[in-house]
Amino acid sequence: MRGYVINHYAHPKDLTLSLHLPDPIPGPGEVLVDIYSAALNFFDILQSQGKYQTQPPFPFVLGMELAGKIADNSPIPEGCPFKPGQRVFGSAQGSYADRVCANWVALAPLPANMTFDQGAGIHITWPTSYEALVGRAGLKAGEWVLVTAAAGGVGIPAVQLAKILGANVIAAAGSQAKLDICKKYGGADYCVDYTKKDWQKEVLKITGGKGVDVVYDPVGLIADCLKCIAWKGRALVIGFAAGKIEKLPLNLVLLKNISIVGLHWGAYYKKEPGHISSVFNALFDLFSSERVKPVIYTEVFPLEELPKGLVALERRETWGKVILHVKDEHNHDGAKL
Ligand SMILES: NC(=O)c1ccc[n+]([C@@H]2O[C@H](COP(=O)([O-])OP(=O)(O)OC[C@H]3O[C@@H](n4cnc5c(N)ncnc54)[C@H](OP(=O)(O)O)[C@@H]3O)[C@@H](O)[C@H]2O)c1
């Protein structure tokens, strides 16, 4: 099979595709998945350079998010609900390849109305945004929400979900082109360019001086956002895409009676596994009724062009989920037809 093997750390631009790797062998609790599409994440860029918090031992195959089918020759572990040939999406280390071994618990059935390209990037971003807004912030209809990096992987689902929950949504992003995406694909009510000085004043003006009830921040801009948060607001700490773990003066928390709320979706698999299916079931209802829809970046990269896709992601040129098209459904070996 083909795949991007890491046996020494390198910048993603220097990755090369190996063409003749042996198929991986499933361990206990694992199934073998034929991958058709995979999704790019910023942490893949860190992992290829040895800078991520989770570094598998050499050699390892890069990539985490995928959509594909349970392979015909896959073992089916006890309790696993999937059958060979079933369409699934999920997470497993090694998704930038034709096949991967996945713990079946980290897979879910691909919604019938989704292509592999659409489904490859929903396993992390959508439950993150749903649990943050619903489970952690308790967002209510009529409230104001500010989403930073709103055109990004977790940002667009946050905008769409906040809208269907009945909130008034202000999308903040770094360019007019990205703000247009937030309107077109997210349904944002208002857009603010957060590279402009004093952008928070615009947010205050939009909310009639009150400020936003909920901040959803994957960038590391909580301190900046607190300048336009409402009394008793909730600020969701989602990530640090700007590259620095933010430190906060706690007097700001006290003065406005606000809550700083963390959310780490991956930790639910250890800490609260029973809650995961309720989040996915809520999302499946929304996907099947098409009230929300995955948004993928215009350029879908073929497997051979992974380095180009990762470099575009690193340069902040992309929006939505960046997808790697591994092979067409009728082309099992990834060979050129
Ligand atoms: N808490 C959780 O459970 C959880 C789950 C998933 C992801 N995350 C985290 O959420 C963050 C965003 O993930 P994502 O999938 O949305 O990423 P993404 O699609 O790559 O979007 C990140 C966006 O952040 C903005 N940004 C601002 N400053 C940046 C900088 N210095 N470098 C790069 N980007 C910068 C950019 O948008 P603009 O150009 O508009 O500024 C960029 O497009 C990551 O830190 C990720 O680890 C957390």
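The values are calculated or read from the model by the stated rules, or taken from the named source; none is laboratory data. These numbers come from a predicted model, not from an experiment. Reconstructed Cβ throughout: ideal geometry from the backbone, glycine too, with neighbour counts over all protein chains shown. Heavy atoms of the whole protein, side chains included, go into the accessibility calculation; ligands, DNA and RNA do not. Shrake-Rupley method; radii C 1.70, N 1.55, O 1.52, S 1.80 Å.
Select, from PRO56, PRO28, PRO24, the only residue that is outside any helix (DSSP H, G or I) and either in contact with a helix residue (DSSP H, G or I) (Cβ under 9 Å, 6 or more places away or on another chain) or of a type in the set (S, T, N, Q) (or both).
After ruling out the rest, the residue left standing is PRO56.
Can you name the number of the only condition in (1) under 23 Å from the mean Cα position of the chain (by Cα); (2) more than 20 Å from HIS325 (Cβ to Cβ); (3) of a type in the set (A, V, I, L, M) that ALA10 fails?
(1) is the only condition that ALA10 fails.
Name the single residue that is farthest from TRP319 (Cα to Cα) among those in region 175-191 being among the aliphatic types (A, V, I, L, M) and open to solvent by less than 50 Å² (accessible area, probe 1.4 Å).
The extreme case among them is ALA188.
Enumerate the pairs (first residue in region 214-227 and over 16 Å from VAL253 (Cβ atoms); second residue anywhere and polar (S, T, N, Q)) with beta-carbon separation below 6 Å, excluding pairs fewer than 6 apart on the same chain, so at least 6 apart or on different chains.
VAL219/THR148
Could you tell me whether region 75-85 includes any residue that is at pLDDT 95 or above, of a type in the set (Asp, Glu) and open to solvent by less than 20 Å² (accessible area, probe 1.4 Å)?
No, the conditions are met nowhere in region 75-85.
Is there a residue in region 18-30 that is in contact with a Pro (Cβ under 6 Å, 6 or more places away or on another chain), at pLDDT 95 or above, open to solvent by less than 40 Å² (accessible area, probe 1.4 Å) and among the small types (Gly, Ala, Ser)?
The answer is yes, given that some residue of region 18-30 is in contact with a Pro (Cβ under 6 Å, 6 or more places away or on another chain), at pLDDT 95 or above, open to solvent by less than 40 Å² (accessible area, probe 1.4 Å) and among the small types (Gly, Ala, Ser).
Residue pairs, Cβ under 6 Å, 6 or more apart or interchain, first in region 33-48 and without any contact (Cβ under 8 Å) to a residue 24 or more places away in the chain, second more than 9 Å from the ligand (Cβ to nearest atom) and of a type outside the set (A, V, I, L, M). List them.
Within 6 Å, the pairs are PHE43/TYR52; LEU46/TYR52.
I'm trying to understand the selection: among the residues of region 277-316, which are out of contact with any Phe, Trp or Tyr (no Cβ under 9 Å at 6 or more places or on another chain) and charged (D, E, K, R)?
Once the filter is applied, which keeps residues that are out of contact with any Phe, Trp or Tyr (no Cβ under 9 Å at 6 or more places or on another chain) and charged (D, E, K, R), region 277-316 yields ASP285, GLU290, ARG291, GLU299, GLU304, GLU305, ARG315, ARG316.
From the list ALA172, ALA150, ALA167, ALA132, which residue is away from the ligand (no atom under 16 Å from the Cβ), modelled with pLDDT of 95 or more and open to solvent by less than 10 Å² (accessible area, probe 1.4 Å)?
Going through ALA172, ALA150, ALA167, ALA132 in turn, just one is away from the ligand (no atom under 16 Å from the Cβ), modelled with pLDDT of 95 or more and open to solvent by less than 10 Å² (accessible area, probe 1.4 Å): ALA167.
Given the condition open to solvent by 10 Å² or more (accessible area, probe 1.4 Å) and either without any contact (Cβ under 8 Å) to a residue 60 or more places away in the chain or in a loop (DSSP other than H, G, I, E, B) (or both), answer yes or no: does some residue in region 153-162 qualify?
Checking region 153-162: at least one residue is open to solvent by 10 Å² or more (accessible area, probe 1.4 Å) and either without any contact (Cβ under 8 Å) to a residue 60 or more places away in the chain or in a loop (DSSP other than H, G, I, E, B) (or both).
Provide a single number: the residues in region 240-271 that are farther than 18 Å from ARG136 by Cα and among the basic types (Lys, Arg).
3
Scan region 295-331 residue by residue and report those that are open to solvent by less than 70 Å² (accessible area, probe 1.4 Å), farther than 14 Å from ALA39 by Cβ and β-branched (Val, Ile, Thr).
Passing the criteria: only VAL311.
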